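The values are calculated or read from the model by the stated rules, or taken from the named source; none is laboratory data. Computed from a predicted structure; not experimentally measured. We place every Cβ from the backbone using ideal geometry, glycine too, and count neighbours over all the protein chains shown. With ligands, DNA and RNA removed, areas are computed over all heavy atoms of the protein, side chains included. Shrake-Rupley method; radii C 1.70, N 1.55, O 1.52, S 1.80 Å.
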Amino acid sequence: MSMVGEVVVETAAGRVRGEVAGGATRFLGVPFAAPPAGERRFRAPAPVAPWTGVRDATAPGPSCLQRLSGGSAWIYENDGDPDEDCLYLNVWTPGRDGARPVLVWLHGGAFRTGHGALPCFDGTRLARDGDLVVVTCNYRLGALGWLAHPDLRDPDTGHWANWGLQDQLAALRWVRENIAAFGGDPGNVTLVGESAGAMSLAHLARHPANRGLLHRLLAESPARRVGDAGSPDLAAAYAEAVAAELGVAVRDLRAVPAWALYEAEQAVSRRPAWPPRLAGATPVREDDLVPIVGSPPADLPLLAGSNRDESRFWHTLANAAGEQLPGAPLPAGDADLNAAVADFLAGIYPDATALDPAALADAYRAAMPAASAAERFLDVRTDGTFRAPVAAWAADHAARDGAAFVYEFAHPSPLPGVGCPHTLEIPFVFGTFDQPFMAPKTGAGPAEERLSAAMRAIWAAFAHAGDPSTAAHGAWPRYDAARRAVGVLGSPEGILQVVEAPREATRAAWEPAVGG
């Protein structure tokens, strides 16, 4: 028998006890797969062992191994008590009657940090106000989630890479099997990802075997071209470098203590020979999981977007006191801009030989005549990593008769010099902007409350109907290459302003690299 304020739900593996709080019922720390430790390290996630009795689900499960620093510590409040036993998810529901749309959240963190129980991901307001069932989940990170090598091949599945992606799939399968008991509709699942989570979302959606697990795509700040993934040969060489750092063969990495493996991979990742976009702790091309070619199906409605000043996250963050945090250097003058652009292109699009760095820099000089070299480079990095690839994805989706919508989040942080950086939209989506950890970064006044309420309503509308239009905020036209309608959220003109082809000259300059 459950106590007052507690709710018991039957899942396929056993009963779980959640609690009512804030107008929704939450279930925290629900296991969706067996612990991926010991012999199960670098293996596909296995079904969770059934339990008897009622399992307490009022506290989060551990996160995957990680340490927060730099930008990850700016946006994420804690590391979640890291452990190799980390495959847990969390559910918020406004009621167990009926069949509500389900929103499944894949967190970002460069495939190295983050977990589903972070305070900024509290799903209470989003579930309650949007009449949604909200699910957040962990997945394996860093070395444990993404080391790839044929000598790590899983004898049961044949897979040798993308362990974290397989965890995300296991969470989606758990949703399909269990979410009806929480009041969710397994036939209406919106997969939402931010940054690394959005890149994962694109891989999951592209694979035909995953049809039926997800029905709408909501990608917040996906980085680079859809489908970009590491080279298998480079990934194998990276795993060999990690093994050499530990003095073992690759096949013996399963027996290394987890934190020792973590530290060794971190050490290798800092070597100049391993640019993180070429190899390391990221998805790898493996056709059974990450197709080499192909786009997400056009019949899945798509809402995708980016933040106005994404790249300031790596260059100009400030703490709650307004003090500048250490960041990557910026070009000091216009003479340095061409070299900075060339270095950036070599790291992010090494195959884009049709894109001339000098011509690209000139496009930003023409579009931003009064800006400094640093400001121009910040826009180059924002556009090349996020805005232009999002536009290309949406244009391709629309060209195949898909429903595509594009947003730009433009609400600036009150902290000086920060602008609207990578990750700043997250607490507005969840309604956690007024948490003490978040408020100095986001603001927490009436304007922020109105913007967050609008974004929760828009995200919920998309989950319900595959269209972000709402009665309160107006029609949101589809994106296509002819009109390029972008919904600007948090602009000075209001909560939502639809703008056609914003900053078109600089977006178009990226077409040789990302398409258009």
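Numerical summary
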| quantity | calculated |
| --- | --- |
| Shape call, the stretch 400-516: gyration tensor on alpha carbons, a/c limit 1.5 | oblate |
| Separation between Cα centres of the stretch 186-226 and the stretch 455-503, rounded to whole Å | 20 |
| Antiparallel bridge percentage (DSSP; both residues within the stretch 1-83; nearest 5) | 65 |
| Percent of beta bridges antiparallel (DSSP, the chain, rounded to nearest 5) | 45 |
| Estimated [θ] at 222 nm from DSSP helical runs (n ≥ 4, -39500 (n - 2.57)) normalised by residues in the chain, nearest 500 | -9000 deg cm²/dmol |
| For the chain, Cys with no neighbouring Cys Cβ under 4.7 Å | C120, C137, C420 |
| For the stretch 103-113, 3J(HN,Hα) per residue [Karplus equation, 6.51 cos²θ - 1.76 cosθ + 1.60, θ = phi - 60°, Hz, x = Gly/Pro] | 10, 9, 9, 10, 6, x, x, 6, 6, 10, 9 |
| Label-reachable residues, the stretch 79-98, where backbone N falls under 17 Å from a point 7 Å from R67's Cα toward its Cβ | 79-84 |
| Of the DSSP H helices in the chain, those whose Cα atoms cover at least 20 Å axially and whose Kyte score averages -0.5 or more | 232-246, 334-348, 446-465 |
| Amide proton proximity set for A485, modelled H, under 5 Å, gap of 5+ | D480, A501 |
| Stretch gain in nm, segment T353-A505, where the contour uses 0.36 nm per residue and the Cα spacing is subtracted | 52.7 nm |
| Largest to smallest accessible area among M199, M438 [probe 1.4 Å] | M199, M438 |
| Convex hull volume of the chain per residue (C-alpha atoms, cubic angstrom) | 139 |
| Calculated from backbone phi, Karplus (6.51, -1.76, 1.60) coupling profile of the stretch 301-311 in Hz, x at Gly/Pro | x, 10, 10, 9, x, 8, 9, 4, 10, 3, 6 |
| Difference of contour (0.36 nm per residue) and Cα-Cα distance, T52 to A298 | 84.2 nm |
| Rough spin-label spacing in nm, given labels placed 7 Å along Cα→Cβ, for R483 and D287 | 4.0 |
| In nm, spacing of pseudo-spin labels at E263 and H464 (7 Å Cα→C-beta vector) | 5.3 |
